[in-house]
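The values are calculated or read from the model by the stated rules, or taken from the named source; none is laboratory data. Being a predicted model, the structure only gives us computed values, none of them experimental. Virtual Cβ from ideal backbone geometry, glycine too; neighbours counted across all protein chains shown.
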Amino acid sequence: MSRLCVSIQNTSYDHCLELIKTSDLCELRLDSLSLEDEQLKQLCVSGEIIACFRHGKHPESERLDRLLKAIQWGVKYVDLDIETDQELFVELKNEIIGKDIKLIASFHSFTETPADSVLMRLITKMESWTPDYIKLACFVNNDKDNLRLIKLYENTRNRIILGMGKLGRYTRLISLKYAPFTYVYPDECEATADGQFSKSKMEKLQILLND
């Protein structure tokens, strides 16, 4: 059974710290958290953390600065989107080398699940980064999309395949069995992705699947 990663955004430092101390694994969405450097440093050493800073919302210089600091302060995972600028990627990857930090290569499509040929090209590109994990999150428009996404788990144990939207919830159930970890949101907060389950609901589903 996969681990649950609590995805944290749009909340205070104190709440971040509380969530980290009561969770097995957390993702800090640094692009939507207002944290002072000292606060970020403290969070990085308070638990097992994935540092994530999505591109597009802030200048790339700010993104690079926050991720480099998270790496230097002992974060355990770094999530880099496939659309990351090559120069920025190389700098971050070089900083990770030699440290006990795992790399997550990720791709997100918020409107559709791309054609199978496109998905395989994306996976091939991400594999060229030699990541520890590959994450694909795609919006599901029909049941066929679900089946195509689930098929991506074949012959691998390092992929996190997630469908977005109401129909995509089925893939999140499947991720409990086949993904190394899957993403949930804190019960008292909003979801960080369309179709995401809350932590308490996913914990109940884990119990049902384990019976």
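Which residues, counting only those in the range 30-80, are among the acidic types (Asp, Glu), outside any loop (DSSP other than H, G, I, E, B) and either surrounded by fewer than 20 Cβ atoms within 10 Å (Cβ to Cβ) or on the phi > 0 side of the Ramachandran plot (or both)?
Once the filter is applied, which keeps residues that are among the acidic types (Asp, Glu), outside any loop (DSSP other than H, G, I, E, B) and either surrounded by fewer than 20 Cβ atoms within 10 Å (Cβ to Cβ) or on the phi > 0 side of the Ramachandran plot (or both), the range 30-80 yields Asp31, Asp37, Glu38, Glu60, Glu62, Asp65.
Please determine, by comparing only the residues of the range 94-127 that are among the β-branched types (Val, Ile, Thr) and in a helix (DSSP H, G or I), which one is farthest from the chain's Cα centre (by Cα).
Only one residue tops the list, namely Val118.
If you go through the range 1-27 one residue at a time, how many are of a type in the set (A, V, I, L, M), in contact (Cβ under 8 Å) with a residue 60 or more places away in the chain and either in a strand (DSSP E or B) or buried (at least 20 other Cβ atoms within 10 Å of the Cβ) (or both)?
The qualifying residues number 5.
Only one of Ile207, Ile150 is in contact with a helix residue (DSSP H, G or I) (Cβ under 8 Å, 6 or more places away or on another chain) and of a type outside the set (Lys, Arg). Can you tell me which? Show your work before the answer.
Values: Ile207 fails: in contact with a helix residue (DSSP H, G or I) (Cβ under 8 Å, 6 or more places away or on another chain).
Just a single option satisfies the conditions, and that option is Ile150.
What is the residue count in the range 135-155 for residues that are more than 20 Å from Asp81 (Cβ to Cβ) and either in a loop (DSSP other than H, G, I, E, B) or touching a residue at least 60 places away in the same chain (Cβ under 8 Å) (or both)? Quick ask: steps written out before the conclusion?
Applying the first criterion (more than 20 Å from Asp81 (Cβ to Cβ)) to the range 135-155 yields 141-148, 150-151, 153-155.
From what's left, either in a loop (DSSP other than H, G, I, E, B) or touching a residue at least 60 places away in the same chain (Cβ under 8 Å) (or both): 141-142, 154-155.
Of the residues in the range 135-155, 4 are more than 20 Å from Asp81 (Cβ to Cβ) and either in a loop (DSSP other than H, G, I, E, B) or touching a residue at least 60 places away in the same chain (Cβ under 8 Å) (or both).
A quick yes/no check of all residues on (1) free of Cβ contacts under 8 Å to residues at least 40 places away in the same chain; (2) basic (Lys, Arg):
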| site | (1), (2) |
| --- | --- |
| Lys125 | no, yes |
| Leu176 | no, no |
| Phe197 | yes, no |
| Leu209 | no, no |
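Could you tell me whether any residue of the range 192-208 is closer than 23 Å to Trp129 by Cα and part of a loop (DSSP other than H, G, I, E, B)?
No: zero hits.
What's the number of the only condition in (1) surrounded by 13 or more Cβ atoms within 10 Å (Cβ to Cβ); (2) within 21 Å of Gln39 (Cβ to Cβ) that His108 fails to meet?
Single failed check for His108: (2).
Could you check, for the range 164-186, whether at least one of its residues is buried (at least 21 other Cβ atoms within 10 Å of the Cβ), in contact with a helix residue (DSSP H, G or I) (Cβ under 6 Å, 6 or more places away or on another chain), among the hydrophobic types (A, V, I, L, M, F, W, C) and within 14 Å of Val6 (Cα to Cα)?
yes
Out of the residues in the range 169-191 meeting the condition of being over 20 Å from Met126 (Cβ atoms) and part of a loop (DSSP other than H, G, I, E, B), tell me which one is modelled with the highest pLDDT.
Looking at the filtered set, the residue picked out is Pro186.
What single numbered condition from (1) crowded, with 22+ Cβ neighbours inside 10 Å; (2) more than 26 Å from Lys102 (Cβ to Cβ) fails to hold for Lys144?
Unmet condition: (1).
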